[in-house]
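Asks: My structure is below; once you've seen it, I'll send some questions.
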Amino acid sequence: CPIARTTDLIGDWWTPLVLRELFAGRRRFDAIQESLKIPRAVLAARLERLVTEAMVTKVEYEQHPPRYEYRLTQKGREFWSVLAAMWRWGEDWLWDDDGPQVVLKERETGRVVRPLVVDEATGQPIDVRTLRMGRPPKA
């Protein structure tokens, strides 16, 4: 099941937050650790898993001592839509009237963006009431 496999990868508290930091432009271990206040051993384990899963690549930027930064791969960058869907749901359902203290904004205009999951073929928002699960078509 795609949901089970994805949950296995990101199903803890820290992994989506580590990915959020990478999307925010933090690439270095210390910057991520400082921003999240995450234990160093936990961060190292989460980054190692993301590298193993080819969502992040580890790139040396200093040799003595060895220092690395972490960059999202295409697979990692494509995870943004999952985080954006989580963002939208959390924004809609986990705040009182004040709303969250952070919003997504379009880089050029500053316009607030509210993510929406759509069907790739039609561009229409997906609605669980119109969907069902089934086997893929035979090739």
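The values are calculated or read from the model by the stated rules, or taken from the named source; none is laboratory data. All figures in this text were calculated on a predicted structure; none of them were measured in a lab. Here the Cβ positions follow ideal geometry from the backbone for every residue, glycine too, while neighbour counts run over all protein chains shown. Just the protein is used for accessible areas: all its heavy atoms, side chains included, with ligands, DNA and RNA removed. Shrake-Rupley method; radii C 1.70, N 1.55, O 1.52, S 1.80 Å.
Asks: Checking the conditions here, which among Ala41, Ala85, Ala24, Ala31 is under 30 Å from Met133 (Cα atoms) and small (Gly, Ala, Ser)?
Replies: On inspection, the qualifying residue turns out to be Ala85.
Asks: Residues of the range 109-139 being among the charged types (D, E, K, R), open to solvent by 100 Å² or more (accessible area, probe 1.4 Å) and within 23 Å of the chain's Cα centre (by Cα), which ones?
Replies: Arg111, Arg114, Glu120
Asks: Does at least one position in the range 99-107 carry a residue that is closer than 22 Å to Thr7 by Cβ, out of contact with any Ser or Thr (no Cβ under 8 Å at 6 or more places or on another chain) and surrounded by fewer than 10 Cβ atoms within 10 Å (Cβ to Cβ)?
Replies: no
Asks: Here's something else I'd like to know. Exactly one condition in (1) touching a strand residue (DSSP E or B) at 6+ places or on another chain (Cβ under 8 Å); (2) modelled with pLDDT of 95 or more; (3) within 25 Å of Leu116 (Cβ to Cβ); (4) open to solvent by 60 Å² or more (accessible area, probe 1.4 Å) is false for Gly76; which is it?
Replies: With respect to (1) touching a strand residue (DSSP E or B) at 6+ places or on another chain (Cβ under 8 Å); (2) modelled with pLDDT of 95 or more; (3) within 25 Å of Leu116 (Cβ to Cβ); (4) open to solvent by 60 Å² or more (accessible area, probe 1.4 Å), Gly76 is out only on (4).
Asks: Are any of the residues in the range 55-64 touching a residue at least 60 places away in the same chain (Cβ under 8 Å) and either assigned to a loop (DSSP other than H, G, I, E, B) or of a type outside the set (Ser, Thr, Tyr) (or both)?
Replies: no
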